[in-house]
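The structure appears below as C-alpha cells.
The values are calculated or read from the model by the stated rules, or taken from the named source; none is laboratory data. The structure presented is a predicted model; accordingly, all values stated were derived computationally and were not measured. So basically every Cβ, Gly included, is an ideal-geometry build from the backbone, and we count neighbours across all protein chains shown.
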Amino acid sequence: MPEARGSETLRKYEEINERISRGEATVLTADEFVSAVESEGLEKAAREVDVVTTGTFGAMCSSGAFLNFGHSEPPIKMWHCWLNDVPAYKGLAAVDAYLGATAISESKGFEYGGGHVIEDLVSGREVRLRADSYGTDCYPRRYVETDLTIEDLNQAVLLNPRNAYQRYNAATNSTSRTIYTYMGTLLPNYGNVTFSGSGQLSPVHKDMGFETIGIGTRIFLGGGAGYVIGEGTQHCPQQRFGTLMVKGDLKRMSGRYLRGATFHRYGPTLYVGVGLPIPIINENVARSAALSDSEIFTDLIDYGVPSRERPTVKRVSYAELKSGKVVIGEEGVRSSPLSSLKMAKEVAEVLRDWILEKRFFLARPAELLPAEREFKPLPEKSMAAACRR
Amino acid sequence: MYKPEHVKRPILAETVLKKKVLLNILEAKVNSQKGELIVSVPLEGEALEDLVRSFEAEGVAVERLPRIVEIDHERCTSCGACVSPCPVSALYFGPGWSLMLDEKRCVGCRVCVDACPFRAIKMA
C-alpha cells in the first residue's frame, strides 16, 4: 500500500527539532544534497540527512505589504494614499493599506514602484506618505502628508499571494524585433533565451509531491523568518507549476533579500528571496529533493507571439539553461537567468546555517497544500449576454 | 553618423573592402536624411586610427562610444538579465554565478543598461 502523503516514516518533525537543539542535525543545501546522493546513493543520503535547504531569488510580481500607519490628530479615514507617490490600495480600514509590488509611481513612472518602496522601507529609509479623504463625523481630516520609516508603522507585513513558482517557462523571441517583457530583453530571431527559477535549488521542486509544504511551514522570507499561509494563486502542481502564498514580518527582513526592480517597458516589481527547509521525512521527499538540474525540465516558450497560448519551442532542462547555451534548431543560443542563482545559493546557505546555529526550527504544517488544482483562463462572456443582465 | 549627402553611398562596404577589416554592425538606423551605425571594430592603435581617418575622409562623423560600462555592485544581484542580451558576450558569469564584465569586449551598445532590472549598469 502506498504511503499517505506526508508520512513521517524516516523521521518526525519532533525528532528533527530535537536533533537541531542538540546540535546534531545534518543539514545540507539542495546543491550539497544532490552531490551527496550522486556519491552515496539515495538510500544512504536519506538516512543521514535531516533537512535539505532550498533557495530562490527572483522577480515575484505578486508580492506586497500590509501597512498600518497609526492615527493622525485629528484622525483621517484615508481614501487614497501614496508612498513616495506610489499608490497603495485603500479599500480597507482608515489607516490600513496594501502596497503592491507592481504599483507604479505617479511621478517617476516605471522607474520606481511598490517594490522599490518596500525595499526603501525595509532598508530603514524615510518614505513620504500622502493621503486624502472626504471627511466624516468620526474622521474629519481630509489630507495628511508626512515622512515615515518602518519603525513608525504599527505593522508592516509582507504578504505575497504568489511566490516561488516551482519552475517557470523559459523565454525566446521568434519575431524580427527586440521585445521587452517580464522575461527581460528578448533579441529578435531567437537571439537569446532567458529563464527564471533556480532548478535544483528551487524550493517547491524539492518537495514536488507537497508532502511537507503546507499552511504553517516556517520559511526564509526576505532575510527573516516567514510562513507559508496557503497555496499561491495559479497553483497548479500537477503541471509542475506549484506556487506559495507567504507572509512574514517586514520589520525583521532585510533590503539584501527584497529588492525593487524594473523590467524595461514592462514596469516595476520586487525581487524576493525565498527559501524552504525540506525535512526528509520519507523516501519520496528524499527522491524529490535529490532531483538535479538535468532532471528538472521546463518549456521554452516563444514570447514573440502575444497570446495566452504561446507556442512551445522545445522542452529544456535547467542543466541546459544553466549551461549558457540552448540549442534551437541547429543553433546554440545564449541563455541566461533573470533570477539570481548567486543569491539563490546564498539563501539556501543562510537557511542551512540558521538551522545549524539553532536559530530556526521546523514547523509541521497544519494542512498540506493541494497536490492538484485547476488553472483556468478568464472566461470572457459576450457583450450581448452582459447587456441582458 | 552619415550626413544626407552620404546616405546613398555604400561607404561602409567600400571601407571594408579597402581596409580589409571585419566590422560588425551592432545597430543601424538609416533613412533618406541621415544614418547612424554602431559598429564593433576589431582593431587597436594605429590601425584603428587609420580606419577612423578613412571614414572621416569620406565625410562620416565618427564618435567613439565609451568602451566601458560601470556596474554598481551594491545594486547588482548577479541576476543575469543582462548576460544573454549582450551582443558581444562582454557580460558573463564567473565562479559562483557572479556577474563579470570583460571590458575589452564591450562596445558600449547600451543594451545591458536597459536590460538591468536594478539599474545597476551605467555608461562610464
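Some values worked out for this structure:
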quantity	calculated
Region A:3-20, subset free of Cβ contacts under 8 Å to residues at least 60 places away in the same chain and part of a helix (DSSP H, G or I), residue farthest from A:P365 (Cα to Cα)	A:R19
Residue count, region A:287-317 (criterion: within 21 Å of the chain's Cα centre (by Cα) and either part of a loop (DSSP other than H, G, I, E, B) or not assigned by TED's automatic domain parsing to the domain that holds A:R47 (or both))	3
Enumeration of residues in region A:248-300 that are surrounded by 20 or more Cβ atoms within 10 Å (Cβ to Cβ) and of a type in the set (D, E, K, R)	A:R259, A:D293
Filter result (part of a loop (DSSP other than H, G, I, E, B) and surrounded by 14 or more Cβ atoms within 10 Å (Cβ to Cβ)) within region B:39-56	B:V41, B:L43
Enumeration of residues in region A:272-281 that are under 14 Å from the mean Cα position of the chain (by Cα) and among the hydrophobic types (A, V, I, L, M, F, W, C)	A:V272, A:V274, A:L276
Given (1) more than 30 Å from A:E18 (Cβ to Cβ); (2) in a helix (DSSP H, G or I); (3) away from chain B (no Cβ under 13 Å), index of the condition A:R352 fails	(1)
Qualifying residue in region B:69-76 (condition: facing chain A (nearest Cβ under 9 Å) and out of contact with any strand residue (DSSP E or B) (no Cβ under 7 Å at 6 or more places or on another chain))	yes
Where a residue in region A:183-211 is closer than 19 Å to A:S339 by Cβ and its partner, wherever it lies, is among the basic types (K, R) and surrounded by fewer than 24 Cβ atoms within 10 Å (Cβ to Cβ), with Cβ under 6 Å and at least six apart	A:N192/A:R334; A:G197/A:R167
Within region A:81-151, strands (runs of 3 or more DSSP E) holding 1 or more residues that are within 14 Å of another protein chain (Cβ to nearest Cβ)	A:109-113
Some residue of region A:205-217 being surrounded by fewer than 18 Cβ atoms within 10 Å (Cβ to Cβ), in contact with a Phe, Trp or Tyr (Cβ under 9 Å, 6 or more places away or on another chain), away from chain B (no Cβ under 14 Å) and farther than 30 Å from B:G96 by Cα	yes
Residues within region A:235-271 that are among the small types (G, A, S) and within 12 Å of the chain's Cα centre (by Cα), tallied	1
Selection count, region A:64-92, where residues are surrounded by fewer than 23 Cβ atoms within 10 Å (Cβ to Cβ) and more than 27 Å from the chain's Cα centre (by Cα)	9
Set A:L341, A:L368: member being surrounded by 12 or more Cβ atoms within 10 Å (Cβ to Cβ) and more than 14 Å from chain B (Cβ to nearest Cβ)	A:L368
Failed condition for A:F361, given (1) in a strand (DSSP E or B); (2) over 25 Å from A:R259 (Cα atoms)	(1)
Breaking point among (1) at pLDDT below 95; (2) assigned to a strand (DSSP E or B), for A:V327	(1)
All positions within region A:1-34 that are of a type in the set (G, A, S), assigned by TED's automatic domain parsing to the domain that holds A:I296 and surrounded by 14 or more Cβ atoms within 10 Å (Cβ to Cβ)	A:A25, A:A30
Among the candidates A:R259, A:R265, residue that is part of a loop (DSSP other than H, G, I, E, B), closer than 17 Å to B:C116 by Cα and within 11 Å of chain B (Cβ to nearest Cβ)	A:R265
The lone exception for A:G329 - which of (1) under 25 Å from the mean Cα position of the chain (by Cα); (2) at positive phi it fails	(1)
Selection from region A:36-77 of residues that are under 25 Å from A:L258 (Cα atoms) and of a type in the set (S, T, Y)	A:T53, A:T54, A:T56, A:S62, A:S63
From A:T233, A:T172, A:T194, A:T178, residue being more than 14 Å from chain B (Cβ to nearest Cβ), out of contact with any His (no Cβ under 8 Å at 6 or more places or on another chain) and either among the hydroxyl-bearing types (S, T, Y) or surrounded by fewer than 21 Cβ atoms within 10 Å (Cβ to Cβ) (or both)	A:T233
Test: residue in region A:271-287 that is within 14 Å of chain B (Cβ to nearest Cβ) and more than 18 Å from A:P337 (Cα to Cα)	no
Those residues of region A:219-230 which are in a strand (DSSP E or B) and surrounded by 24 or more Cβ atoms within 10 Å (Cβ to Cβ), in sequence order	A:I219, A:F220, A:L221, A:G226, A:V228
Inter-residue pairs, beta-carbon under 6 Å, first more than 20 Å from A:H264 (Cβ to Cβ) and free of Cβ contacts under 8 Å to residues at least 12 places away in the same chain and in region A:96-108, second of a type outside the set (D, E, K, R) and buried (at least 19 other Cβ atoms within 10 Å of the Cβ), 6+ apart	none
Unique match (being within 14 Å of chain A (Cβ to nearest Cβ), out of contact with any Phe, Trp or Tyr (no Cβ under 7 Å at 6 or more places or on another chain) and among the hydrophobic types (A, V, I, L, M, F, W, C)) among B:C106, B:C79	B:C79
